[in-house]
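Comments concern the structure below.
No lab work stands behind these numbers, since they all come straight from the coordinates. The model shown is predicted, which means the values in this text are computed figures rather than measured ones.
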Amino acid sequence: MDRRLLSALHEWGTDPRVAAAARALSWSGEHGALWVAAGLAGAAVDRERRGAWLRATALTTTAHLASMAVKRIVRRPRPAHVVPLVRTAGQHSFPSSHATSAAAAAVAYGALGVHVVPPLAAAMCVSRMVVGVHYPSDVAAGAALGALTARLGARWIGVGHD
């Protein structure tokens, strides 16, 4: 099922506009760069909550690093049945580090009231399958790891939580 879902989503990449968007998301999400930049921008602009922004950014980075550690343990190869539309920094696919940092950013920055991140994070997650470098289970596991990491650190961010 993982292979079939990946193949179906990868087909979207045959549309040049979809492929270009997926490549752009892939590039911007490398090593969590988009999310770190967003957090640092938030810290620069929202001076009253600078510390909260920096802690949210640290949580996002921590989640990304956790996914890299899990990748080194699991060592699942990237999909071989589709031709990838992008190059990757590594050979292992589980979990998706792009999905991990995206979900962590959605939760952490969402705690700061930034609600535009979840749709962008979801697009980042889908893009990893469109470009053919992750199975759906890689993306789901990465998103779960990122969301859990940020949720566990939500109190540390220092803003109101339920």
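Mean projection of the alpha-carbon convex hull of the chain over all orientations, in nm²?
Computing the convex hull of the Cα atoms and averaging its projections yields 9.1 nm².
For the pair the range 74-94 / the range 10-36, the C-alpha centres are spaced 15 Å from each other. For the range 65-149, the spread of Cα positions along the three principal axes, ordered from largest to smallest, is 40, 25, 19 Å. Oblate is the label for the range 1-93, because a/c, from the alpha-carbon gyration tensor with a ≥ b ≥ c as root eigenvalues, is 1.5 or above and a/b does not exceed b/c.
Okay, helix-only estimate at 222 nm for the chain: each DSSP H run of n ≥ 4 adds -39500 (n - 2.57), divide by all residues, round to 500 deg cm²/dmol; what do you get? If you can, show how the numbers build up before the last one.
Working: 8 runs with 110 residues, N = 162.
Computed ellipticity for the chain at 222 nm equals -22000 deg cm²/dmol.
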